[in-house]
Each structure stands twice: as C-alpha cells, then as structure tokens.
Amino acid sequence: MKHIVDAVQSAVPHTEDRRALFASLPVPESYRGVVVRKDEVGLFEGRVSRDKDPRESLHVDEVATPELGPGEALVAVMASSVNYNTVWTSIFEPLSTFGFLERYGRTSPLARRHDLPYHVVGSDLAGVVLRTGPGVHAWFPGDEVVAHCLSVELERPEGHNDTMLDPEQRIWGFETNFGGLAELALVKANQLMPKPAHLSWEEAASPGLVNSTAYRQLVSRNGAGMKQGDVVLIWGASGGLGSYATQMALRGGAIPVCVVSSPAKAEICRSMGAELVIDRAAEGYRFWSDEATQDPREWKRLGARIRELT
C-alpha cells in the first residue's frame, strides 16, 4: 500500500505516463479495512441503542482483496467519511447488514463475493483508480475520483429512467461489501465521478452520500423539483444531509425551515444563512405519547409554528 500512496502523492501529471505507472503497480493480495464481524452480531443484546458503542464492534482487519468483475473498479482510498448507515451497521440496527450481504450473494455467482463473515463498511470515498474490470472504458488507472453510494445492476427496465427504482438498487458499503473505510474499495464504475481538483482528499470524500441524497430529494427531476419561493421543511438541518439541503434551498431561492435539537445546532443553520429555525427541544415538542402512539396535537402545533414563521 505504501507504494500506491507514494504514487498518488507523486508529481506525475495526468498523462499516459501516469496511467502506465498505476497500471504497473502490483495490487496487494490483502488490505486493511474497517469491518464488523458476523460472529459478533449478538454483541449488544440486552442493551438499549444509546449504550451500544461502535468502538466495540468496529475492527481494523486485514482482508483479502476481492476479485474484480465486469463493470467494476478497484480504487485506492485516500479519504473516506462516516455516515449514519455506518453507525447502524456497527450496532447491528435495525437489522444486521449480514442479511443484506447474504441476499445479495444469492443473486449471482459474482455477487457471492460479498457474502463473507466480515463486512468492510463505508459509503464514501475519494481516491485513485488502480484497476478496472472488463467493459469499463471511461476510467483508467491513475484517475482521481470520488464515488457516490448508489450501487445498481441496471439489468431491469424499471431502473432505466430512474436508477433508484432499479429492483437491485443497493447502498454500497451498507448493503454491499468492500466499502470505503479501507485502504482499497470495490465499486461499480458507474459510481465514479471526477475528483474536483480544488478540493483536498478529505473535502472531496465527505459530500458524496449526503450531497447526492439532498440533491435528489430537493432538486432533481426525480425529486421535489424545488423552485423559487418553495417552503422547505428540513429536519435535522445542521447535519450532513440537512446542511446540504439548507444550502441548496437558500441558493435556489426557496425558504428553508430548519428543525434542530439544540441552540448550537440552531447557530450552525443561522451561520449558513437560514433565518427560520425551530429548536424542537427548546419548544418542548413530544410527537409520541408512547413508543407506539403518535400525538397528532403536537404535529398540529408544529404545523402552526411553521405557518407562523412563514
């Protein structure tokens, strides 16, 4: 891996020489990755969610480099990031991800690679292409890339107009193996996008999942088609997804109503330019009477508060 990192950090320009350099680098037979282990699925039994500590279940292990299949790329990861799906994976909630990997493994001989006694997690990366599989013509060894998290097979017509409707749509690193919190990662080539040259590796690695999700939900033709003057309710507006949604609403001429749970989070929203902020903790909202029963009066109170602000 050191030879790969040294090559990434070298001054070789993006030319045929760079492609030749990376194509000549041997791919290691194994690499280090952050994993959860199948034999530890019951680790947190009897504990409530808040007491399940990911530091107990996440391990840095040496794992075998996967076989590269058609339409895929093997990427040397320079930076990755943590999303809530990684947190859920680490505490085995609401389901163990090994069920996802088992089901995926049954879909094809190639997918069987993903059904392993360990799960390499992570749904974001910025890095450099090391190898591409058969049928990949747009990407080459040495290309600096970021990867979004949507893994699709695109063999069924349902997904041709909207890949989110592909029956075999999965979140890479959550419902598939060989994710981004590792030295190497296996992705579909159609997950790759050019790394913006003006961003550091860390900056390039962090927006993929949350930015793409916010854009699809709010802006894209398959989402809300947000327009000027729309009122946009953004729950958890100071987090990764919410902060991108807030910025998109502001830049697109919409009116974000930012819901947060603390004064510090409210200040984050205001620092982005949002003016309408609801601190649900400070205003004492209790949307559930108990674990199974919603309180409609509280939702109506929230609705009245939104109308008051707008």
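The values are calculated or read from the model by the stated rules, or taken from the named source; none is laboratory data. All values reported here derive from a predicted model rather than from experimental measurement. No Cβ is skipped: glycine too gets one built from the backbone with ideal geometry, and neighbour counts run over all protein chains shown. SASA here: full protein model, heavy atoms, side chains in, ligands and nucleic acids out. Shrake-Rupley method; radii C 1.70, N 1.55, O 1.52, S 1.80 Å.
Does region 272-300 hold any residues that are closer than 23 Å to A254 by Cα, touching a residue at least 12 places away in the same chain (Cβ under 8 Å), of a type outside the set (A, V, I, L, M, F, W, C) and open to solvent by 30 Å² or more (accessible area, probe 1.4 Å), and which are they?
Scanning region 272-300 gives G273, R280.
Where residues in region 37-59 are modelled with pLDDT of 95 or more and of a type in the set (K, R), which of them is farthest from N85 (Cα to Cα)?
R47
Does Q228 meet the test of being open to solvent by 20 Å² or more (accessible area, probe 1.4 Å) and either in contact with a helix residue (DSSP H, G or I) (Cβ under 6 Å, 6 or more places away or on another chain) or part of a helix (DSSP H, G or I) (or both)?
No: the conditions fail for Q228.
Report yes if D162 is without any contact (Cβ under 8 Å) to a residue 60 or more places away in the chain, out of contact with any Cys (no Cβ under 8 Å at 6 or more places or on another chain) and not hydrophobic (A, V, I, L, M, F, W, C), otherwise no.
no
Considering only residues that are among the small types (G, A, S) and over 29 Å from H119 (Cβ atoms), which ones fall in region 1-50?
Once the filter is applied, which keeps residues that are among the small types (G, A, S) and over 29 Å from H119 (Cβ atoms), region 1-50 yields S10, A11, A20, A23, S24.
Do we find that G180 is at pLDDT 95 or above and out of contact with any Phe, Trp or Tyr (no Cβ under 7 Å at 6 or more places or on another chain) in this structure?
Yes.
Name, by its number, the condition in (1) at pLDDT 95 or above; (2) farther than 29 Å from V60 by Cβ; (3) of a type in the set (K, R) that does not hold for K188.
K188 satisfies every listed condition except (2).
Taking helices (runs of 4 or more DSSP H) that fall entirely within region 8-116, which contain at least 2 residues that are charged (D, E, K, R)?
16-24, 54-57, 97-105
Among (1) at pLDDT 95 or above; (2) open to solvent by 50 Å² or more (accessible area, probe 1.4 Å); (3) in contact with a strand residue (DSSP E or B) (Cβ under 8 Å, 6 or more places away or on another chain), which single condition is R251 missing?
(3)
Is it the case that A189 is surrounded by 14 or more Cβ atoms within 10 Å (Cβ to Cβ), farther than 27 Å from P94 by Cα, in the same structural domain as I91 (by the TED database) and in contact (Cβ under 8 Å) with a residue 40 or more places away in the chain?
Yes, satisfied.
Among the residues of region 285-299, what is the count of those that are within 20 Å of C258 (Cβ to Cβ) and out of contact with any Asp or Glu (no Cβ under 9 Å at 6 or more places or on another chain)?
Counting residues in region 285-299 that are within 20 Å of C258 (Cβ to Cβ) and out of contact with any Asp or Glu (no Cβ under 9 Å at 6 or more places or on another chain) gives 2.
What pairs can you find where one residue is in region 195-217 and touching a residue at least 12 places away in the same chain (Cβ under 8 Å) and in the same structural domain as G239 (by the TED database), the other is open to solvent by 50 Å² or more (accessible area, probe 1.4 Å) and of a type in the set (G, A, S), and their Cβ atoms are less than 9 Å apart, with a gap of 6+ or different chains?
Q217/A224
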